[in-house]
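All remarks here apply to the structure that follows.
The values are calculated or read from the model by the stated rules, or taken from the named source; none is laboratory data. Just so it is clear, the structure is predicted and the values come from calculations on it, not from any experiment. FYI the Cβ positions are ideal-geometry reconstructions off the backbone, even for glycines, and counts take in every protein chain you see. Just so you know, the surface numbers come from the protein's heavy atoms only, side chains and all, with ligands and any DNA or RNA stripped out. Shrake-Rupley method; radii C 1.70, N 1.55, O 1.52, S 1.80 Å.
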2 protein chains.
Amino acid sequence: MPKSLIYDVAQRAGVSIKTVSRVVNNEPNVRENTREKVLAVIKELNYRPNASARKLASQKSYLIALLYDDPSLYDNPSSNYVLNLQQGALRICKSETYDLLIHPCDYRDKNLNQEVSSLIHNSRVDGLLLAPPLSDQKSLIETIAATDTPFALISPGNKTLTPLSVFTNDREVSAEMTEYLAFLGHKKIAFIKGDPEHKALQERYSGFKDGMRNSGLKIEKNFVKNGDNSFGCGELFAKQLLSLKNPPTAIFCCNDDMANGVLRTAYKMGIKVPDSLSVAGFDDIPLAEQTNPSLTTIRQPVRSMTEHALEILMDKVKNRESKISPDDLLIKAKLVIRESTGKAPS
Amino acid sequence: MPKSLIYDVAQRAGVSIKTVSRVVNNEPNVRENTREKVLAVIKELNYRPNASARKLASQKSYLIALLYDDPSLYDNPSSNYVLNLQQGALRICKSETYDLLIHPCDYRDKNLNQEVSSLIHNSRVDGLLLAPPLSDQKSLIETIAATDTPFALISPGNKTLTPLSVFTNDREVSAEMTEYLAFLGHKKIAFIKGDPEHKALQERYSGFKDGMRNSGLKIEKNFVKNGDNSFGCGELFAKQLLSLKNPPTAIFCCNDDMANGVLRTAYKMGIKVPDSLSVAGFDDIPLAEQTNPSLTTIRQPVRSMTEHALEILMDKVKNRESKISPDDLLIKAKLVIRESTGKAPS
DNA sequence: TTGTAGGCGTTATCAG
DNA sequence: CTGATAACGCCTACAA
């Protein structure tokens, strides 16, 4: 069957192309009667509006770009985070009939600003969604803001960067986990920090400090390590910590990958988890319930965060009132207790 | 700075817009002299062609769709496969100045054909790349073929579906792994099959049979399980196998997720790997070197497979001679020996 | 509520 | 090799 145009529909329905256009775009000012008629013809002729023509005429691209840090650049096993981002974003895009452009990038790249800038200019995306740690890159954000393209941020460290952001309770829930470990009798608790560029991860450290204070525990300097989120550094720091004369009995890591590295080192060193060592992570990647032993961690609903963030972005893009309440913009994470934590050894 | 149009460039360079168009699109029939002049003006004015206008006029979308089975629908921890697909596809798209549309789908969905069909018609993609097990769905492929949109397949089971495919040596390398296990002294080797919809996985079973035969070993019926690729079924079948009166001393799984499930069950049952049991997987997901013990497996270069597949697809889309030799279309996997396999217990 | 005219910014045609 | 002019298919005014 030959592709039908808006003209064909208009002619067959006995109306003008503008009327067809109106029903296609769900605009008001069409009598219910004629709307139905047009709809019928559209179906009959299997008419599909030409996206390019529509974009050209309307000066929109119907494209949203999702920017995230390229997981392939790292020692990152479960690229689950990225997939969750994508799934959340795809869902909203679909319901808004937008297309999604995925754009992995290297936040350390000097040309990042320029690269994103040309993405905006070349692909003319109608909006951008930035995942951490990109959502913490001030100069990048300024670059985007300068183009006047709407954008939203997922858990940025700086809450003033844009009103279009979703946040997490990293700090509170990290304190909670710390208190849980203290409750199990642990007094010597180590902490492996995450990538300092990602501000939300710093909050986790703050939460750890809160939790220690609340539990009346002191933080030992040797017990705090500057990690980079990788499995490898979890392995490394665990080796250092567990080789200490007076080693910690619990290690709380800023993410699951590092916690998994700790598990691996403990295994190699013949240290039983959780009998002699408790390990906790953060993220609840799918792997967390498949490790030996399975991992106590914190679940963050990345997908729904992404959906909320994209929804407020779409509201902005489409210039309509947002239905999302501010409460929905603070996404709460929860403890997930599994096998890797237990009572402190006596 | 105001956006400049092709007219602005033409005027400033003292040529017609058609000449500018020719330069922009790298077409012949432009004097080197004027080409340079135009290029200079383009740079000066920071001219970027409007994608929508270009698409409308050229009747192309400059869009490639990547279809894969949605990993979120499964018990699939490392969504690494999908990310590798995406990375490979993005790289080629970038170099060809195409955009990539990712399209996760459910291959069991009855509306799949219709869904893909509307993707093709609505987004008017210039080409599609199908990953397994979608590349094995005959009716889907027929649906796509009927639209006359070029498409390529990644490791389809049926080699005649389209000349645009990349293949793997699943069978040969699986035989190799089996022979390796036999070489270690294992005689009682179990095999957990993968999703039957994915033909390449069946090849792995054929390879297992080859390997057993080549090693002069017999396959015991109880030792062959019909898995579904999930961690959970790895766990389950391991429990069954290891509870047998006369259990296998080695388990070869169709993928790493299931092998990881086996590892988990062995851990729970207190069975030492590799001392009492050898475990082998397939895929070499990043997790494979992070398990306890790390996993012997088979590495498949998914990313380069994807790149090759997309390159031949682009050749077709752009209607040009392919530079890819048929040899490059058979991608070879390799054994990766780690800790989970060892000599058979005596 | 509906229709008409004009333009969105390219690429394609075909003559020079 | 180069250029005028007509598509491309839809949307946005504005008018009726």
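Numerical summary
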read-out: From B:SER4, B:SER72, residue being open to solvent by less than 70 Å² (accessible area, probe 1.4 Å), facing chain A (nearest Cβ under 9 Å) and among the hydroxyl-bearing types (Ser, Thr, Tyr); value: B:SER72
read-out: Residue within the stretch A:50-65 that is open to solvent by 80 Å² or more (accessible area, probe 1.4 Å), more than 9 Å from chain B (Cβ to nearest Cβ) and not small (Gly, Ala, Ser) present; value: no
read-out: Count of the stretch A:107-144 residues which are closer than 21 Å to B:ILE102 by Cβ, acidic (Asp, Glu) and open to solvent by less than 40 Å² (accessible area, probe 1.4 Å); value: 1
read-out: Pairs, first more than 21 Å from A:SER123 (Cβ to Cβ) in the stretch A:77-104, second of a type in the set (Phe, Trp, Tyr) and part of a helix (DSSP H, G or I), C-beta under 8 Å, six or more apart; value: A:PRO77/A:PHE231
read-out: Strands (runs of 3 or more DSSP E) within the stretch B:186-303 that include 1 or more residues farther than 22 Å from A:SER79 by Cβ, open to solvent by 40 Å² or more (accessible area, probe 1.4 Å) and in contact (Cβ under 8 Å) with a residue 40 or more places away in the chain; value: B:189-193
read-out: Yes/no for A:VAL41 being among the β-branched types (Val, Ile, Thr), open to solvent by less than 90 Å² (accessible area, probe 1.4 Å), under 30 Å from A:ILE312 (Cα atoms) and more than 9 Å from DNA strand D (Cβ to nearest atom); value: no
read-out: Residue within the stretch B:304-315 that is surrounded by fewer than 18 Cβ atoms within 10 Å (Cβ to Cβ) and within 14 Å of chain A (Cβ to nearest Cβ) present; value: yes
read-out: Test: residue in the stretch A:17-27 that is open to solvent by 80 Å² or more (accessible area, probe 1.4 Å), free of Cβ contacts under 8 Å to residues at least 60 places away in the same chain and β-branched (Val, Ile, Thr); value: no
read-out: Residues being assigned to a loop (DSSP other than H, G, I, E, B) and either within 12 Å of chain B (Cβ to nearest Cβ) or buried (at least 19 other Cβ atoms within 10 Å of the Cβ) (or both) - total across the stretch A:93-106; value: 2
read-out: Per-region count, the stretch A:144-185, residues part of a loop (DSSP other than H, G, I, E, B), in contact with a Phe, Trp or Tyr (Cβ under 9 Å, 6 or more places away or on another chain) and closer than 25 Å to A:SER118 by Cα; value: 4
read-out: Residue satisfying condition, being more than 12 Å from every other protein chain (Cβ to nearest Cβ), open to solvent by 10 Å² or more (accessible area, probe 1.4 Å) and closer than 22 Å to B:LYS209 by Cα, within set B:ILE337, B:ILE324; value: B:ILE337
read-out: Residue that is least open to solvent (accessible area, probe 1.4 Å), among those in the stretch B:145-167 that are modelled with pLDDT under 90 and in contact with a strand residue (DSSP E or B) (Cβ under 8 Å, 6 or more places away or on another chain); value: B:THR162
